[in-house]
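Shown next, in structure tokens, is the structure this report addresses.
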Amino acid sequence: MFTELFSFSLPDFLSRILGIQEITIYSYAALIALGTLVAAIYTRWRAKKELGINNLSNTFFYCIFIAGFVGGKLFYYLQDPLLYLQNPSLMSDNFSGGFVFYGSFVVIIPYIIWYLKRHKIPVLPMLDIFAITTTIVHAIGRLGCFAAGCCYGSPTESGFGLVFPTAQNMAVHPTQLYESSMIFTIMLILLLVKKHQQFKGQVFLIYLMLYAFGRGILELFRGDERGYIIANLLSHSQFIALCLISISAYFYYKFYKQININTLNT
């Protein structure tokens, strides 16, 4: 694929200080950074336009990026913890691929909620904004997975098949492109829902259910090594997806019912 964008040599004095002679810019890291930048710009714009909020600091976005990086990597290592405990040197290659989206998600969301409450920013309206923000960074990030050749699919003889360097020279489903297309579609649906929104938090909850459902189906086409809750039947991501759908459906029903009760009372 297109794992590396470019490399450049450091001046001698920097090489002596840092102990390295060359720096490589990976496609994966570059696309993650691009997605994060676009998502941050969108979040600031919508927060100001919808809620009149101008005090989202740069530190807030830096911490989101760090939380996402740490969570995504941690869950990636936990897919096969013995491998990384026995070969800790494998963890040194942190920028060429290998993240678990749900890992990033479960670390980022608590941090966002904590930050919003601390700064007295309405949580549910901001989560609605962050739902679309997440689709931006995630869809672009999956293109980074495609460039890095990770998160590929199972072998296929269909016309969609592509050969990745890490897929043992077999044509496989380009599940990275499938998922990126799915996420862009979810984004369009969310933008449509937002125009006819019935209650605060609706966009966020619909995002959780749509992505979890789509991801659960995409897991059927995945072919890279991942952990399973039930061997060869229920992957970690599918289990998390089922939990998210259940929890989101419960809160959706609760909020929707409350809207109906308030309408009747008025």
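Filter region 153-172 for residues that are buried (at least 20 other Cβ atoms within 10 Å of the Cβ) and under 22 Å from Ile32 (Cα atoms); which is farthest from the chain's Cα centre (by Cα)?
Phe164
Go through the residues of region 228-244 one by one and say whether even a single one is of a type in the set (Phe, Trp, Tyr) and touching a residue at least 40 places away in the same chain (Cβ under 8 Å).
no
How about region 1-42: which of its residues are among the hydroxyl-bearing types (Ser, Thr, Tyr), touching a strand residue (DSSP E or B) at 6+ places or on another chain (Cβ under 6 Å) and surrounded by fewer than 16 Cβ atoms within 10 Å (Cβ to Cβ)?
Ser7, Ser9, Thr24
Across region 107-136, what is the total count of residues that are touching a Leu at 6+ places or on another chain (Cβ under 7 Å) and among the hydrophobic types (A, V, I, L, M, F, W, C)?
Final tally of qualifying residues: 4.
Residues checked against (1) among the hydroxyl-bearing types (Ser, Thr, Tyr); (2) closer than 26 Å to Val172 by Cα; (3) in a helix (DSSP H, G or I); (4) modelled with pLDDT of 75 or more:
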| residue | (1), (2), (3), (4) |
| --- | --- |
| Ser7 | yes, no, no, yes |
| Arg44 | no, no, yes, yes |
| Ala47 | no, no, yes, yes |
| Ile53 | no, no, no, yes |
| Cys63 | no, no, yes, yes |
| Phe75 | no, yes, yes, yes |
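Is one or more of the residues making up region 159-169 at pLDDT below 95, part of a helix (DSSP H, G or I), under 26 Å from Gly72 (Cβ atoms) and among the small types (Gly, Ala, Ser)?
The answer is no, given that none of the residues of region 159-169 is at pLDDT below 95, part of a helix (DSSP H, G or I), under 26 Å from Gly72 (Cβ atoms) and among the small types (Gly, Ala, Ser).
Among the residues of region 108-162, what is the count of those that are under 24 Å from Leu51 (Cβ atoms) and free of Cβ contacts under 8 Å to residues at least 60 places away in the same chain?
Counting residues in region 108-162 that are under 24 Å from Leu51 (Cβ atoms) and free of Cβ contacts under 8 Å to residues at least 60 places away in the same chain gives 13.
Could you look through region 13-42, keep only residues that are part of a helix (DSSP H, G or I) and among the polar types (S, T, N, Q), and pick out the one that is nearest to Cys151 (Cα to Cα)?
That would be Ser27.
Test Val100 against the stated conditions and say whether it is surrounded by fewer than 18 Cβ atoms within 10 Å (Cβ to Cβ), within 15 Å of the chain's Cα centre (by Cα) and either among the β-branched types (Val, Ile, Thr) or at pLDDT below 80 (or both).
no
Checking the conditions here, which among Tyr111, Tyr115, Tyr178 is closer than 16 Å to Ser237 by Cβ and of a type in the set (Phe, Trp, Tyr)?
Only one candidate passes the filter, namely Tyr178.
Quick check on region 251-266. Is at least one of its residues without any contact (Cβ under 8 Å) to a residue 40 or more places away in the chain and within 26 Å of Pro155 (Cα to Cα)?
Among the residues of region 251-266, not one is without any contact (Cβ under 8 Å) to a residue 40 or more places away in the chain and within 26 Å of Pro155 (Cα to Cα), which makes the answer no.
Is it true that Leu205 is at pLDDT 95 or above, of a type in the set (A, V, I, L, M, F, W, C) and either over 17 Å from Gly141 (Cβ atoms) or surrounded by 14 or more Cβ atoms within 10 Å (Cβ to Cβ) (or both)?
Yes, satisfied.
The values are calculated or read from the model by the stated rules, or taken from the named source; none is laboratory data. Small disclaimer: the values here were computed from a predicted structure and weren't measured. When we count neighbours, we look across all protein chains shown, and the Cβ atoms used for this are built from the backbone with ideal geometry, even at glycine.
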